[in-house]
Amino acid sequence: MSLTINTRLLGQGNTVHINRISESLFRSIEKLSSGLAINRASDNPAGLVVSEQLRSRVASLNQEIENTTNLIHKYQTASANVGEMRSQLTELRTMAVGAANAGGNSESSQSAWSMVGEHVVSQYNRTAELATYNGVNLLDGSEGSVASVSMLEGVDLSSAEAASINRRKVVKISSLSSSGFFFFIVSGSRGTPRRYAR
């Protein structure tokens, strides 16, 4: 008894052709869905190498942009706090001038000058202490800070004589702050701190 196997060559040819069309369609859909011209090495081996290098570079540049943006926000925060402290110094200087008026202040008004002065000094020191960005103090001169600012101490407006002395002290501090009293610290290329007057 003999066996006969019939082969439909035309059907096989159609199957191979359909498989090729399906593969081509899949690759087209893959490119459309990814938005990339090169998805695998078989698309363009040399082009894939260049593409991956460019992707890596773009990712690095995006991270550098994000880092720079964070630094800008950090310095903007520090600048806002320093501006507030300068306003407080100006206010304190004005009060010291008023408190130094020996002929025009009564005992009660001198006491009032002194109380308000203590309040402004407290606000100034509090601003310097609480100026932070992402949990890092900005004005205490520690690692990660952008400036080193000393706290105000010994400001006495309780008498005209003391107010006159302290007026000169506040004027000196205020003028120093305007001409570079605050030094911003940035990291050098090898992590070496460098100071820049603001």
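The values are calculated or read from the model by the stated rules, or taken from the named source; none is laboratory data. Given the structure is predicted, the values throughout are model-derived calculations rather than measurements. Cβ coordinates were reconstructed from backbone atoms using ideal geometry, including for glycine residues, and neighbour counts include every protein chain displayed.
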With the condition kept exactly as written, say whether any residue in segment 77-91 is at pLDDT 75 or above, loosely packed, with under 12 Cβ neighbours inside 10 Å, out of contact with any helix residue (DSSP H, G or I) (no Cβ under 7 Å at 6 or more places or on another chain) and not small (Gly, Ala, Ser).
-> no
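Taking the condition polar (S, T, N, Q) and either farther than 30 Å from Ser159 by Cβ or outside any helix (DSSP H, G or I) (or both), does Gln53 pass?
yes
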Could you check, for segment 113-131, whether at least one of its residues is buried (at least 21 other Cβ atoms within 10 Å of the Cβ) and assigned to a loop (DSSP other than H, G, I, E, B)?
-> yes
Kindly provide the set of residues from segment 166-186 that are outside any loop (DSSP other than H, G, I, E, B) and either over 23 Å from Ala100 (Cβ atoms) or at pLDDT 75 or above (or both), ordered by number.
-> Phe183, Phe184, Ile185, Val186
From the option list Asn39, Asn101, Asn6, single residue qualifying as closer than 30 Å to Ser164 by Cβ, assigned to a loop (DSSP other than H, G, I, E, B) and modelled with pLDDT under 85 is Asn101
Some residue of segment 51-67 being in contact with a strand residue (DSSP E or B) (Cβ under 6 Å, 6 or more places away or on another chain) and at pLDDT below 85 = no
Of the numbered conditions (1) crowded, with 16+ Cβ neighbours inside 10 Å; (2) more than 21 Å from Gly83 (Cβ to Cβ); (3) at pLDDT below 75, Ala160 fails exactly one; give the number of that condition.
-> (3)
